[in-house]
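First up is the structure itself, then whatever we jot down about it.
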Amino acid sequence: MTNKIEELMRRLNRIVDLGHASAILEWDQETYIPDGAHESRAKQISTLRTIAHEEATSGGLGELLSDLSNNLAGAVVDDKRAEALVRVAIRDFEKATKLSTRLVADLATSEAMGKDAWRRARENDDYAAFAPHLEKLIELNIEKAEALGYTNRPYDALLDQFEEGLLTSTVESVFSDLRDELVPIVKLIADSARSHSAPSEDLIRHFFDPQKQWDLSLGVAQLMGYDFDRGRLDKSAHPFSTAFSIHDVRITSRIESDFFSPAFYGTLHEVGHALYEQGIDPSYERTPLADGTSLGIHESQSRLWENLVGRSESFVKFYFDTIQSAFPSALGDATARDFYRAVNTVRPSLIRVEADEVTYNLHIMIRFELECDLISGKLSVADLPEAWNALYKSYLGVTPDCNANGVLQDIHWSMGAFGYFPTYTLGNILSCQFYDQADADLGGIGPMVLAGEFAPLLSWLREHIHQHGRSQTASQITEDITGGSISAKNWLAYIRRKYGALYNCDLS
Ligand code: ZN
């Protein structure tokens, strides 16, 4: 059996290496590639992914996995790692073999071309130029869903890629309960926001020197424990984190010269993702276990550092002097309390990535509804901008002035990522469940953050979440930490507590 595990490792190492090589090409495509190279890059990525797919679906790998799973089923396995590796490899193999090489190549090319078309369409506010790419990507995703198979609805198959076992009907019911609680909260805050003493963003909507924003982003990443010997920070249109190894986890950020939040809080967000991947057990290197276990768990880490730590009063009190001394003219005589209120202003807005914590999930619900309708065929690509605007009006009371600030704002659909958005809300919800448990275990995180001590929280996350990689499923991790399953209770309590105080209104 040991020889067979070694043989499995050898095969998986190659597949993982090919995937990481392709990820480097994609990272480069988002950061440094010259404009004229997108078409050739699309072909290179497609070639690498096709080779990886051939390896991932080879008959030899299938036989090996079937032998190993029979052996594991028949014996008491003392090697938990081998058991996890075989379980995850079987899941990946079963998924991969359902997709034809032709479909994988078509998806890879259409995604790379789609991203380039989206970037130009957003710049020129030209939805019509992006529409044919979107149509093709939806068509391919429907084909993919049919090939993968699903429980009730094709969208189930797309969700399952990012969150194992998650059903469309479950998301619908979680979202509908959350919406029922959230809409009245947003309304109460909006009423209180009319008072002239309510928090306002004015303080952080000034000129902030771009180079100093960059330096501050580097500084805060290091402060949180991001290891620059095993990563780097670059600029991209849409911030993201990506890993080519446990020892090479990169992040990107973007700067707006007249708005403080995108670079600083965007960096904190990506740092949260990167800390997860840098914290995976190094012995999982070059295996499928060296990855986040699900996108919901991944997003719980980014939101925890961005919001529960970064937007907390303790953090702002601790770090405001540093921020103020970087921007003396913009922040002048402001206090930490003024800054805390400014970075926690609730305002229904058009752009998801700049949304406050309270309204953020409404942006996700809009995308989820539209995706379901696009995949089921109820909504056409031609009618999408109108449907988008109507939902923004209905959920957030705002209407985009142009498609660039509306339907064209996110990269996800251009890279064929359908079923991805709901995991953002799952991440928000989970971040509070995990934070509350860590807070209890550590005897209060607030005072540590106030003293600039972030290591105890990071160690707790490493122990309970990061180190496991994919060796534990999202539901196992959630159950081990909380003793139960995902629930919006903690998140709603946090929102009511924090924003009730900020807006001086009773949200209970
Ligand atoms: Zn994220």
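The values are calculated or read from the model by the stated rules, or taken from the named source; none is laboratory data. Model, not experiment: these values are computed from the prediction. Backbone-built Cβ (ideal geometry, glycine too); neighbour counts: all protein chains shown. Ligands, DNA and RNA are excluded from the accessible area calculation, which covers all protein heavy atoms including side chains. Shrake-Rupley method; radii C 1.70, N 1.55, O 1.52, S 1.80 Å.
Which count do you get for residues in segment 104-140 that are touching a Ser or Thr at 6+ places or on another chain (Cβ under 7 Å), aliphatic (A, V, I, L, M) and open to solvent by 50 Å² or more (accessible area, probe 1.4 Å)?
0
Among the aromatic types (Phe, Trp, Tyr) and without any contact (Cβ under 8 Å) to a residue 40 or more places away in the chain, is that true of residue 388?
Numbers: among the aromatic types (Phe, Trp, Tyr): yes; without any contact (Cβ under 8 Å) to a residue 40 or more places away in the chain: yes.
Yes: the conditions hold for residue 388.
So, of the residues in segment 270-300 that are among the charged types (D, E, K, R) and open to solvent by 20 Å² or more (accessible area, probe 1.4 Å), which turns out to be nearest to residue 464 (Cα to Cα)?
Checked segment 270-300; the qualifying residue nearest to residue 464 (Cα to Cα) is 281.
Evaluate the following for residue 449: is it assigned to a loop (DSSP other than H, G, I, E, B) and more than 15 Å from the chain's Cα centre (by Cα)?
Working: assigned to a loop (DSSP other than H, G, I, E, B): no; more than 15 Å from the chain's Cα centre (by Cα): yes.
Here the answer is no, as residue 449 does not meet what is asked.
What number of residues within segment 144-156 satisfy the criterion of being open to solvent by less than 70 Å² (accessible area, probe 1.4 Å) and touching a residue at least 40 places away in the same chain (Cβ under 8 Å)? Full working, then the answer.
The first filter runs over segment 144-156 and keeps only residues open to solvent by less than 70 Å² (accessible area, probe 1.4 Å), leaving 144-145, 147-149, 154-156.
Applying the additional criterion that residues be touching a residue at least 40 places away in the same chain (Cβ under 8 Å) yields 144-145, 147-149, 154-155.
Count: 7.
Could you grab the pairs with beta carbons closer than 8 Å, sequence gap of 6+ or different chains, first residue in segment 407-436 and closer than 17 Å to residue 179 by Cα, second one among the basic types (Lys, Arg)?
Taking only residues 6 or more apart or on different chains, the pairs are 421/367; 427/303; 428/303.
Please enumerate the residues belonging to segment 264-298 that are outside any helix (DSSP H, G or I), away from the ligand (no atom under 11 Å from the Cβ) and small (Gly, Ala, Ser). First the steps, then the outcome.
Step one: of segment 264-298, the residues outside any helix (DSSP H, G or I) are 279-281, 285-294.
Checking the rest, the ones that are also away from the ligand (no atom under 11 Å from the Cβ) come to 279-281, 285-291, 293-294.
Once the filter is applied, which keeps residues that are outside any helix (DSSP H, G or I), away from the ligand (no atom under 11 Å from the Cβ) and small (Gly, Ala, Ser), segment 264-298 yields 279, 290, 294.
Within segment 301-315, can one find any residue that is away from the ligand (no atom under 16 Å from the Cβ), surrounded by 23 or more Cβ atoms within 10 Å (Cβ to Cβ) and within 18 Å of residue 495 (Cβ to Cβ)?
Taking segment 301-315 and keeping what is away from the ligand (no atom under 16 Å from the Cβ), we get 312-315.
Right, trim to surrounded by 23 or more Cβ atoms within 10 Å (Cβ to Cβ) and you get 315.
This time we only want the ones that are within 18 Å of residue 495 (Cβ to Cβ), so: 315.
Scanning segment 301-315 turns up at least one residue that is away from the ligand (no atom under 16 Å from the Cβ), surrounded by 23 or more Cβ atoms within 10 Å (Cβ to Cβ) and within 18 Å of residue 495 (Cβ to Cβ).
Of all residues in segment 229-239, which are open to solvent by 20 Å² or more (accessible area, probe 1.4 Å) and modelled with pLDDT of 95 or more? If you could, list the steps in order and put the result at the bottom.
Keep residues of segment 229-239 that are open to solvent by 20 Å² or more (accessible area, probe 1.4 Å), which gives 229-230, 232, 235, 237-239.
Within segment 229-239, 229, 230, 232, 235 meet the criteria.
I need the full set of residues from segment 439-458 which are surrounded by fewer than 21 Cβ atoms within 10 Å (Cβ to Cβ) and either closer than 30 Å to residue 363 by Cα or within 16 Å of the ligand (Cβ to nearest atom) (or both), in order please.
Quick first cut of segment 439-458, residues surrounded by fewer than 21 Cβ atoms within 10 Å (Cβ to Cβ) only: 439-444, 446-448, 450-456, 458.
The answer is 439, 446, 458.
Return the residue satisfying two criteria in turn: it lies in segment 412-424 and is touching a Phe, Trp or Tyr at 6+ places or on another chain (Cβ under 7 Å) and open to solvent by less than 10 Å² (accessible area, probe 1.4 Å), and of such residues it is farthest from the ligand (Cβ to nearest atom).
Narrowing segment 412-424 to residues touching a Phe, Trp or Tyr at 6+ places or on another chain (Cβ under 7 Å): 412, 414, 419-423.
Within this subset, residues satisfying the condition of being open to solvent by less than 10 Å² (accessible area, probe 1.4 Å) are 412, 414, 419, 421-423.
Working: 412: 11, 414: 17, 419: 15, 421: 11, 422: 13, 423: 9 Å.
Ranking the candidates gives 414 first.
Which one is nearest to the chain's Cα centre (by Cα), of the residues in segment 78-91 that are more than 11 Å from residue 470 (Cα to Cα) and buried (at least 18 other Cβ atoms within 10 Å of the Cβ)?
86
Sort out which residues of segment 382-399 are among the aliphatic types (A, V, I, L, M) and open to solvent by less than 10 Å² (accessible area, probe 1.4 Å), and write them in order of number.
Residues of segment 382-399 that are among the aliphatic types (A, V, I, L, M), as a first pass: 382, 384, 387, 390-391, 396, 398.
Within segment 382-399, 384 is the sole residue that qualifies.
Out of all the residues in segment 187-195, is one or more free of Cβ contacts under 8 Å to residues at least 24 places away in the same chain and either open to solvent by less than 20 Å² (accessible area, probe 1.4 Å) or within 16 Å of the ligand (Cβ to nearest atom) (or both)?
Let us first name the residues in segment 187-195 that are free of Cβ contacts under 8 Å to residues at least 24 places away in the same chain, namely 187, 194.
When the remaining residues are screened for being either open to solvent by less than 20 Å² (accessible area, probe 1.4 Å) or within 16 Å of the ligand (Cβ to nearest atom) (or both), the result is none.
No.
Condition first: open to solvent by 20 Å² or more (accessible area, probe 1.4 Å) and either part of a helix (DSSP H, G or I) or modelled with pLDDT of 95 or more (or both). Now tell me which residues in segment 480-497 satisfy that.
At the first step, the residues of segment 480-497 found to be open to solvent by 20 Å² or more (accessible area, probe 1.4 Å) are 480, 482-490, 493-494, 496-497.
If the condition is that a residue be open to solvent by 20 Å² or more (accessible area, probe 1.4 Å) and either part of a helix (DSSP H, G or I) or modelled with pLDDT of 95 or more (or both), then 480, 482, 483, 489, 490, 493, 494, 496, 497 are the ones that fit.
Quick one: what pairs do we get from segment 240-261, first residue more than 17 Å from residue 298 (Cβ to Cβ) and within 14 Å of the ligand (Cβ to nearest atom), second assigned to a strand (DSSP E or B) and not charged (D, E, K, R), C-beta under 8 Å, 6+ apart or different chains?
Cβ pairs passing all conditions: 253/233.
Would you mind stating whether residue 477 is farther than 30 Å from residue 104 by Cα, out of contact with any Asp or Glu (no Cβ under 6 Å at 6 or more places or on another chain), within 16 Å of the ligand (Cβ to nearest atom) and part of a helix (DSSP H, G or I)? Quick ask: steps written out before the conclusion?
Numbers: farther than 30 Å from residue 104 by Cα: yes; out of contact with any Asp or Glu (no Cβ under 6 Å at 6 or more places or on another chain): yes; within 16 Å of the ligand (Cβ to nearest atom): no; part of a helix (DSSP H, G or I): yes.
No: the conditions fail for residue 477.
Run residue 354 past the list (1) modelled with pLDDT of 95 or more; (2) in contact with a Phe, Trp or Tyr (Cβ under 9 Å, 6 or more places away or on another chain); (3) within 16 Å of the ligand (Cβ to nearest atom) and report the number of the one that doesn't hold.
Unmet condition: (1).
Residues in segment 121-131: is at least one on the phi > 0 side of the Ramachandran plot and outside any helix (DSSP H, G or I)?
Checked segment 121-131: at least one residue is on the phi > 0 side of the Ramachandran plot and outside any helix (DSSP H, G or I).
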